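Working notes, structure below.
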Amino acid sequence: MMRRRNFIALLGGAATAWPLAAGAQQAMPVIGYLGTRSLESDAHLVAMVRQGLAEAGFVEGQNLRVEYRFAGGQTNPLSAMAADLVGRRVTVIVASAGPAMRAAKEATTTIPIVFSMAEDPVNSGVSQALTILAAISPA
């Protein structure tokens, strides 16, 4: 499983590219958070996402909006929820677990998806290529 620090660095690194990607589309970048459980059970993951964003200079409600979707432990609603996020033209989708990541992948080929998984996403067929982003902070 990806360590907390690595996940935060990955999300923060992705955030540094959002102004370029989102500039022509919308004034404020919008993250789509797709969770398989609930806000209460994913609270630690949401906190990590918020921390990574804050480290990259993004604060929810100030210069960033987050659209949350939670499936309540069910996998059936994930496809419709992912399609809804794509329809809202989010800048990036953060998927909390394997089923959410797969639903996001099926819903879009153009919106970046941030996720963590224990196995190699290329060898498992989840991704065609692996892009690693690193957050660099001033000394």
Item checked: Net charge of Cβ neighbours under 13 Å - reference residue 87; Lys, Arg +1; Asp, Glu -1 -> +1
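When 48, 101 are ordered from fewest to most other Cβ atoms inside 10 Å of their Cβ, what list results?
Least crowded to most crowded, the residues run 48, 101.
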Notebook entry, point to check: Amide H of residue 68: which non-local residues (sequence gap of 5 or more, or other chain) have their own amide H closer than 5 Å, using H built in the peptide plane?
Noted result: 33
Item checked: Burial ordering of 94, 114, fewest other beta-carbon atoms within 10 Å first -> 114, 94
Item checked: Amide H contacts under 5 Å for residue 92, placed H, 5+ residues apart -> 30, 32
Next item on the list: Kindly write out, for the range 89-101 in residue order, the coupling ³J(HN,Hα) from the Karplus curve 6.51 cos²θ - 1.76 cosθ + 1.60 (θ = phi - 60°), rounded to whole Hz, with x marking Gly and Pro.
Entry: 6, 5, 6, 8, 10, 9, 9, 7, 7, x, x, 5, 5
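Please report 68, 33 as a ranked list, fewest other C-beta atoms within 10 angstrom at the top and most at the bottom.
In increasing order of surrounding Cβ atoms, one gets 68, 33.
Bear in mind that the values in this text are calculations on the coordinates, not laboratory data. As the structure is a prediction and not an experimental result, all values here were calculated from the model. Here Cβ is always computed from backbone atoms with ideal geometry, including for glycine, and neighbour counts include all displayed protein chains.
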